[in-house]
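A short reminder: the numbers here are calculations on the coordinates, not readings from a lab. Note that the structure is predicted; figures quoted are calculated from it, not measured. Ideal geometry is used to build each Cβ from the backbone, glycine not excepted, and the neighbour counts take in all protein chains shown.
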Amino acid sequence: MAGKETGSGESSDARKVRQRGGRRDLDALRDRRMRAAEMFAAGRRQIDVAVELEVSQQTASRWHRQWTEGGNEALEGAGRAGRRPRLDDAQIEAIREELLKGPQANGFATGVWTLGRVAIVIERLTGVTYGPTQTWTILRTRLGWSRQRPARRAVERDEDAIVAWRENEWPRIKK
């Protein structure tokens, strides 16, 4: 579906802020604010900026006020969205090293990591408490780990006996 044609020869769809992987495109947002700053500097009215950049009049008014008070730097933006992470990269690396040592090296009875155990290690190393959901997010997004489940097989399992049974007994029973 094509967007409406604007005076600049560019369709409105092309100028809209795109979403990248479910996240806002912060560069596109910044570019749009910088375009507004250029328009204000050229003497354009707030309503013209609102119409051309397809933003609300309130947004154009807020941008104009920020631009008037602080220039282009005031419209630069924070460069990121959302709350800052509670753990920095050095802490994440320390957590990674500790987790790679294994659960038993961290005082747990078995060799399986659970979200609760990982949360305990994070709290022990950093003093920051996380629940299971946040712990999983750290493992998945910050450490790049995925869920692994051990195969449920008996310790006494004899693979050679299973192969022999499958080759000799199963064809006889199947008939």
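Measure nothing fancy, just the Cα-based angle from helix 57-70's long axis to the longest principal axis of the chain, in degrees from 0 to 90, nearest 10.
80 degrees
Counting each pair of different Cα atoms once, what's the Kirkwood radius of the chain in Å, rounded to one decimal?
Result for the chain, one decimal place: 22.2 Å.
Quick one: net charge of Asp160's neighbours, Cβ under 15 Å, K/R +1, D/E -1?
The answer is -2.
Compute the signed sum of charges (Lys and Arg +1, Asp and Glu -1) over the other residues within less than 10 Å, Cβ to Cβ, of Met39.
Counting the neighbours of Met39, the net charge comes to 0.
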